[in-house]
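Asks: Here you go, one structure.
Just so it is clear, none of the values below were taken in a lab; they were calculated from the coordinates. Small disclaimer: the values here were computed from a predicted structure and weren't measured. Positions of Cβ are backbone-derived with ideal geometry, glycine not excepted, and every protein chain shown enters the neighbour counts.
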Amino acid sequence: MKTPLLLSLLFIFSSALLGQDEAISVPETQKSLITKRTATWCPNCADESAWDLKNRLIVDLADQALVISGHHSTASRLHSPAAKDLIDNFQRSFSQPVFFFNTETVGNGGAQTEDLIKQKVNDATNQRPSAQTGLRVFYDEAQNLL
């Protein structure tokens, strides 16, 4: 009686350990984070040039960076606790929109901001990653949370 039980437990634990190897295997890549801090009440944030810049960065840096927006407006449906936590890590600025490379303020938009972001992303891409991580995102429809 003990032998089949022990064999079953051994099989379960070895299966769990084998499955973990795949879950933690992350390719060695370097990706930067570009964040546009924005708000629904901000007229400059909805300006066509700010949207165009963000869209160009998404397309041009698709393989090198993750480009996201963090909504600063607590009254907006686009605001979330995760957005607040993310934005709280950035340097303070009273103007909007603000573009960040990782957590460093780069600028408010325009050609100079775009060039600087692309330069920083290219420089970072040529460096070896200091830590490898994976990101798994899911949407909880019941709680309306990411």
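Asks: Once you put a point 7 Å from the Cα of Asp63 and another 7 Å from the Cα of Glu141, both along the Cβ direction, what distance in nm separates them?
Replies: Result: 3.6 nm between the two label points.
Asks: Now for a different question. Using amide H atoms built 1.01 Å from N in the peptide plane, name the residues 5+ places from Gly70, or on other chains, whose amide H lies under 5 Å from its own.
Replies: Lys36, Arg37, Thr38
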